Amino acid sequence: MIFDAFTRLVAFRYLRPRRQEGFVSVIAIFSFLGICLGVAALIVTMSVMNGFADELLGQIMGLGGDITVTTPQGRIGDVEALAGKLARLPGIVGVRPVVEGQVLASARGAAGAAVRGLSESALKALHLTPASGPDLGDDAVLVGSRLAYALGLQPGDRITLTTPSIEGNVIRVARTRSFTVAGVISNGLPERNTGDLFMTLAAAQSYFGMPGAVTGLDLFVREPYRVQNYERDLRAALGNGFLVSDWQDNNAALFDALRVERTVMFVILSLIVLVAAFNIISSMIMLVKDKGQDIAILRTMGATRGMILRIFMLSGASIGVVGTLAGFVLGVACAANIKGIQEVTEMVFGPGAISAGLEFFSRVPARIDPVEVGAVLVMAFGLSFLATVYPSWRAARLDPVEALRYE
């Protein structure tokens, strides 16, 4: 065993300093608190950023799939057979047909809009104004809030959609049809989907002249953040003639920025733990200087340099290990109870103190990632042990004769 009973006895004795060693004790306490708070801050910050990324991902992908399958021709036939085939692939948890197209929408004004035809269950899951679910039929559409504002639309109004009829590469007669506004979509993200129109899949197939066909399939996977893992099997099952894209391709800039921000925050907050590790080095150097006579006596009694090295490594590392474990407990507890912390904060500073201006976040979200927590713990443990190497080496190299010469 690396740390035998004698090593543990002396090391833990040095962690209980006498009155004249009070300054060393103060530095050790601040080292413990620094590592504890640094680890806790890292866990809470990374968990909250994961939660915000998940919420944002949910808002962005609320109307689309994790993976989208289309064709260069913009038309997929035999939908049921293809959807059933893809649904049986490992990791695919849902397949949803969709019809998309561009139209000119007119009411009290005119504006271009994108139409999405979805199943009724998908449409009823949207954020609607009023909150009660509308009666959706072939004559009903849902209007994004930005488009509704531009055209002055309210539920119950009529809207006219116009799109050209294309046969091959020739534009024929424009297709025009009026619909009733069944609801207004307001998802809190004004740049996402709120300028679109939504109708049932059957209505979109009828309007765009695509009976029994769709423009694409939205696929939902078990692990959206590892969406690339599913694309190889998907492409093999589809064969040639299909185009495959995922949410990361469509929102690469946004989520690359989030990834960089998480990395930068991890590095910055790690400096807290690094500073605490330097405090451990300072306290251990002072402890070695103060215990010079004790070290000399132990050496004359038969203690080897390796034993002295292990004594001071165990003594210093204990501060970091206990601080890291305390920070782990504190950080996980705070991240798991972030809703209560938000409520207390809003009681002190007023409603909206944390999430003001973020209408699409009704609460501060948090998701504890075991991998990230493990990385934080490994980093903190590693710095704690590294901080003890130099002071312990100095203690082991101490010459007993020099230490006792003036005693």
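The values are calculated or read from the model by the stated rules, or taken from the named source; none is laboratory data. Please read these numbers as outputs of a predicted model, since none were measured by experiment. Glycine gets a Cβ as well: all are built from the backbone with ideal geometry, and neighbour counts include every protein chain shown.
When the residues of segment 373-401 are filtered to those that are hydroxyl-bearing (Ser, Thr, Tyr) and crowded, with 21+ Cβ neighbours inside 10 Å, the one that is nearest to PHE312 (Cα to Cα) is SER392.
On the given criteria, is PHE278 assigned to a helix (DSSP H, G or I), among the aromatic types (Phe, Trp, Tyr) and closer than 17 Å to VAL376 by Cβ? For PHE278, the condition - assigned to a helix (DSSP H, G or I), among the aromatic types (Phe, Trp, Tyr) and closer than 17 Å to VAL376 by Cβ - is not met. When PHE242, PHE266, PHE220, PHE255 are screened for being closer than 30 Å to SER318 by Cβ and of a type in the set (Phe, Trp, Tyr), only PHE266 passes.
When PHE220 is tested against (1) out of contact with any Gly (no Cβ under 7 Å at 6 or more places or on another chain); (2) farther than 22 Å from ALA366 by Cβ, exactly one condition is not met: (1). Which residues, taken from segment 370-397, are under 15 Å from ALA40 (Cβ atoms) and of a type in the set (D, E, K, R)? Matches in segment 370-397: GLU372 only.
The set of residues from segment 213-253 being of a type in the set (D, E, K, R), modelled with pLDDT of 85 or more and either loosely packed, with under 13 Cβ neighbours inside 10 Å or in a loop (DSSP other than H, G, I, E, B) (or both) comprises just one member, ARG222.
Among what's in segment 14-58 and is hydroxyl-bearing (Ser, Thr, Tyr) and in contact with an Asp or Glu (Cβ under 9 Å, 6 or more places away or on another chain), pick the residue that is modelled with the lowest pLDDT. Going through the qualifying residues, I end up with TYR14. Scanning segment 255-274 for residues that are farther than 22 Å from MET379 by Cα and either outside any helix (DSSP H, G or I) or without any contact (Cβ under 8 Å) to a residue 12 or more places away in the chain (or both) yields a total of 2.
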